[in-house]
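Structure, as structure tokens:
Every read-out reported here was derived from the displayed coordinates using simple, explicitly stated rules and does not represent laboratory data. Note that the structure is a prediction, hence the values are computed from the model and not measured. Every residue, glycine as well, gets a Cβ built from its backbone with ideal geometry; the counts of neighbours run over all protein chains shown.
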Amino acid sequence: MNIDCLPFDRTGYFTDFICDYIAQKEEVKPFYNRFPNLENFEDQLKEKATHFPDAHREVLYSVLQEQYKGFEVSEETNIHLKKLKEPITFTVVTGHQLNLFTGPLYFLYKIISTINLTVELKKAYPKYNYVPVYWMATEDHDFEEINYFNFKGKKIQWNPEDDRSGAVGHFDTDGLKEVFEIFASQLGTTIQAQELKDLFEEAYLEHRSLADATRFLANELFGNQGLVVVDGDSRELKKLLVPYAKKDILEHVAHKVVEETISKIEEASFGYTIQVNPREINYFYLKDGLRGRLIKQEGSFFVLDTEISFSREELIEELEKHPERFSPNVIARPLYQEVILPNLCYIGGGGEIAYWLELKSMFETMQVPFPILLLRNSALVITEKQGGKLKKMNLSVADLFMKQSSFINKKIREISNIDIDFGPQKRHLEEQFETLYDLAEKTDKSFLGAVKAQEVKQKKGLDNLEKRLLKAQKRKLEDQVLRMTEIQNELFPNQSLQERNLNFSELYLEMGDKLIPMLGDALKPLSHEFAIIKV
């Protein structure tokens, strides 16, 4: 295995907001507490230790014991579950949707980043314990985002006969036998193919709910590394959230302070993208297959698009008696996570980190420690066969990150036996026009406009000639263009990052059970760079 790295801002796939966060630019510093450097975890440990009640640990342990009933728990995970009761134990968390068969490859990268960071923290601060946690997004309701995965350029999709609504974690697994048969028919007959068939079948055909299937899958892939899977859809855990939910629902605290932060982000930047916007109430009502948004109108509370309504007093009573019926949205969920977990760090993708950066002031207002935010590892995995193709064509991996048209144009210029770069001619033209500008300035300034127009016209003519010559060379070198395009499409499917398209099963077919250990060795969570892994 050979590992190279590329700065995130040189990949072209990460926003300015995230690149500036990684670079620790001054304009981003007000929106986070501590940057994810190893030395900053010492103060994070002290802060969380003094703000996380032992009573919350007891509740968390009890709920997890219940959630793991009926599952075969690895010795490593069982040890971590017991350690969560100890005041010297802290968590590192990542979260993800319940994507079918893990969805995109970065599901693995998130969890491996989380596990690897706990290992690094144990080496740096050995008197504490660290537990890697995968938070299942069981209360999400966007089924279309999770009901498929890509395999060898095709979408393997789950289309249940009945309409699905409400929290996805509650969905039964009916209809997945047909999905399994389609997937199995394309896997082949190797040992690795059979292992994938067994994994899919045991996860989805032997468990009744999508939440249970996903817990089993994560446990099979990462249980031997002590991963703990948490489902926030729990009455006992949500009891701990009630005081904070009241502030959001009744006083609109989150809406006010997050809106203020968004204004500051917009003032601090030249076009940072705002990832999410807070609502006046950041909770859904969850009951009997319904997950409807809570709204307030004329002093009363309603569940949008239903007949359900509450007075203020009725809502408080419902929240206290049935906290499990209140589901935090994207703004409130991070707070919920930090209330119920002794957490130090949240690991997420660029979009996730961007919306967490909107939330620091809300955490301060709610008097909950704001976690360290770490951009998950990203990687491009290049197989031996693909590496051979790149070497044969003399292609730089960094060039592959370019947009396809720019990539092809650059390579055509490099391999052509004629000079297609008209840059020198343009510079010579500019020098000539400088003389004309000087002449017009000294004689008749009204000619400056005419000189400028002529310069633009002649530069445009050179651009057109350059494009025509480049097009002609592409035709002449059609075979090379085709091969370069094919390898880029192979490594960047749909002209996007491999990790956002490929399912882990494609790499597993080649590497088998060596895949996850290989990624574990390659991914360094605090490197803050994009990994290029040649295997």
Quiz item: Could you name the aspartates and glutamates in cross-link range of Lys69, using Cα to Cα under 14 Å and dropping any fewer than eight places away on the same chain?
Solution: Asp212, Asp231
Self-check item: J(HN,Hα) series, the range 192-208, from Karplus relation 6.51 cos²θ - 1.76 cosθ + 1.60, nearest Hz, glycine and proline x
Solution: 5, 4, 5, 5, 5, 4, 4, 5, 5, 5, 5, 6, 9, 9, 10, 10, 7
Exercise. Find which of Phe149, Gln194, Leu210 sits farthest along the positive direction of the dipole of the range 126-213, computed with +1 on the beta-carbon of Lys and Arg, -1 on that of Asp and Glu, about the Cα centre.
Key: Gln194
Quiz item: Counting only residues 5 or more places away or on other chains, whose amide H sits under 5 Å from the amide H of Phe151 once H atoms are built in the peptide plane?
Solution: Ile156
Quiz item: Hey, got a sec? Which trypsin sites (Lys or Arg not before Pro) in the range 82-190 land in a DSSP loop and have at most 14 other Cβ atoms within 10 Å?
Solution: Lys85, Lys127, Lys152
Self-check item: Taking all pairs of distinct alpha-carbon atoms in the range 386-514, Kirkwood radius in angstrom
Solution: 18.3 Å
Practice problem: For the range 294-309, just list the computed ³J(HN,Hα) in residue order, Karplus coefficients 6.51, -1.76 and 1.60, θ = phi - 60°, integers in Hz, with x standing in for Gly and Pro. | Solution: 7, 9, 10, 9, 6, x, 10, 10, 10, 9, 3, 6, 9, 8, 6, 8
Quiz item: If you plug each phi of the range 60-69 into the Karplus form 6.51 cos²θ - 1.76 cosθ + 1.60 with θ = phi - 60°, what whole-Hz ³J(HN,Hα) values come out, in order, with x for Gly and Pro?
Solution: 4, 4, 4, 5, 5, 4, 5, 5, 8, 4
Quiz item: How high is the FRET efficiency from Arg208 to Glu314, r the C-beta distance, R0 45 Å, rounded to 0.05?
Solution: 0.85
Self-check item: Cβ charges +1 (Lys, Arg) and -1 (Asp, Glu), total dipole of the chain, debye
Solution: 1860 debye
Quiz item: What is the pair-distance distribution P(r) of the range 1-149, computed from all Cα-Cα distances in 5 Å bins starting at 0, with each bin given as a whole percent?
Solution: 1, 7, 12, 16, 18, 18, 13, 9, 4, 0
Practice problem: Rank the residues Cys19, Cys5 as a footprinting-exposure proxy: fewest other Cβ atoms within 10 Å of their Cβ go first. | Solution: Cys5, Cys19
Exercise. Would you pull out the residues with amide H under 5 Å of Phe530's amide H, same chain only if 5 or more places away, H placed 1.01 Å from N?
Key: Leu6, Phe8
Self-check item: Helical contribution to [θ] at 222 nm, DSSP H n ≥ 4, -39,500 (n - 2.57), averaged over the chain, rounded to 500
Solution: -15000 deg cm²/dmol
Practice problem: Could you pull out the GluC sites (Glu not before Pro) across the range 66-120 that fall in loop regions by DSSP (anything but H, G, I, E, B) with no more than 13 other Cβ atoms inside 10 Å? | Solution: Glu72
Quiz prompt | Sparse-neighbourhood loop sites, GluC sites (Glu not before Pro) in the range 127-176 - DSSP loop, at most 11 other Cβ within 10 angstrom | solution = Glu161
Self-check item: Residues whose placed amide H lies under 5 Å from that of Tyr283, excluding near-sequence neighbours
Solution: Leu294, Asn329
Practice problem: Work out the length of the dipole vector of the range 386-514 about its Cα centre, built from +1 on the beta-carbon of each Lys and Arg and -1 on the beta-carbon of each Asp and Glu, and round it to the nearest 20 debye. | Solution: 360 debye
Quiz item: How far is helix 210-222 tilted off the main Cα axis of the chain, in degrees rounded to 10, range 0 to 90?
Solution: 70 degrees
Practice problem: Over 20 Å between C-alpha atoms is what I'm after, so list which of Lys155/Lys177; Lys238/Lys264; Lys85/Lys127; Lys154/Lys534; Lys410/Lys524; Lys48/Lys127 land there. | Solution: Lys238/Lys264; Lys154/Lys534; Lys410/Lys524
Quiz item: Regarding the chain, what whole-number volume in Å³ per residue does the convex hull of its Cα atoms give?
Solution: 202 Å³
Self-check item: Total formal charge among the other residues, if their Cβ is under 10 angstrom from that of Asn224, Lys/Arg +1 and Asp/Glu -1
Solution: -3
